[in-house]
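The values are calculated or read from the model by the stated rules, or taken from the named source; none is laboratory data. All figures in this text were calculated on a predicted structure; none of them were measured in a lab. Neighbour counts are summed over all protein chains in view; Cβ atoms, including those assigned to glycine, are modelled from backbone coordinates with ideal geometry.
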């Protein structure tokens, strides 16, 4: 292994490049990160344990943030592979207090989204009735326009927040 030092140097360079690219991708401003963390504290999971997920992106009208409580995936047993949405309460008054100004608070319910599931397709799992339920708050935070959506269920692209095993053990998903 006379050239092992080349491999280590190469790996160190890859790590440095990865960090630089990650920093360049991180476009979320600090005020939005702070707001998301504060809003995450407003979730009250029914089983006393929850993991808040979020997505955010800029638009021509300001930032959009989507928050949700991660579901629980069953590993092993009769429910193996199924993900159950988390039950929770959310402090709506509290989230409005995180905004400097609030121009809209809306509760949207679209149960037809869940009804559109093709039950004849054996690969499709029925969507929960809450799939089309969200709270929307619009206003400004730190002088910036923001639309925040709090969804009753995670987006389809989100992984589970927790994994539950037949023995009752729960672990945080990566």
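So which residues in the stretch 55-76 are closer than 14 Å to residue 153 by Cβ and within 14 Å of the chain's Cα centre (by Cα), if there are any at all? 55, 66, 67, 68, 69, 70, 71, 72 - these are the residues of the stretch 55-76 that are closer than 14 Å to residue 153 by Cβ and within 14 Å of the chain's Cα centre (by Cα).
On the basis of being at pLDDT 85 or above and surrounded by fewer than 17 Cβ atoms within 10 Å (Cβ to Cβ), does residue 103 make the cut?
Working: at pLDDT 85 or above: yes; surrounded by fewer than 17 Cβ atoms within 10 Å (Cβ to Cβ): yes.
It is true that residue 103 is at pLDDT 85 or above and surrounded by fewer than 17 Cβ atoms within 10 Å (Cβ to Cβ).
The set of residues in the stretch 53-78 that are farther than 17 Å from residue 28 by Cα and either touching a residue at least 40 places away in the same chain (Cβ under 8 Å) or crowded, with 19+ Cβ neighbours inside 10 Å (or both) comprises 68, 69, 70, 71, 72, 73, 74, 75, 76, 77. Among the numbered conditions (1) at pLDDT 95 or above; (2) touching a strand residue (DSSP E or B) at 6+ places or on another chain (Cβ under 8 Å); (3) under 23 Å from residue 51 (Cβ atoms), the only one that residue 94 does not meet is (2). For the residues 50, 81, the requirement of being loosely packed, with under 14 Cβ neighbours inside 10 Å and modelled with pLDDT under 90 singles out 81.
The C-beta contact set for the stretch 99-118 (first residue closer than 12 Å to residue 132 by Cα, second residue modelled with pLDDT of 75 or more and part of a helix (DSSP H, G or I), distance under 7 angstrom, 6+ apart or interchain) is empty. Scanning the stretch 130-156 for residues being farther than 16 Å from residue 52 by Cβ and either modelled with pLDDT of 80 or more or exposed (fewer than 15 other Cβ atoms within 10 Å of the Cβ) (or both) gives a total of 13. Where the second residue is surrounded by 15 or more Cβ atoms within 10 Å (Cβ to Cβ) and outside any strand (DSSP E or B) and the first is at positive phi and free of Cβ contacts under 8 Å to residues at least 40 places away in the same chain and lies in the stretch 143-157, which pairs have Cβ atoms under 6 Å and are six or more apart or on separate chains? Short answer, once both residue conditions are applied: none. Residues of the stretch 17-47 that are at pLDDT 85 or above and in a helix (DSSP H, G or I): 30, 31, 32, 33, 34, 35, 36, 37, 38, 39, 40.
The residue that is modelled with the lowest pLDDT, counting only those in the stretch 53-76 that are assigned to a loop (DSSP other than H, G, I, E, B) and under 19 Å from residue 164 (Cα atoms), is 71. Residue under question is residue 52, and the condition is that it be touching a strand residue (DSSP E or B) at 6+ places or on another chain (Cβ under 6 Å) and more than 20 Å from residue 156 (Cβ to Cβ); does it hold? In short, no.
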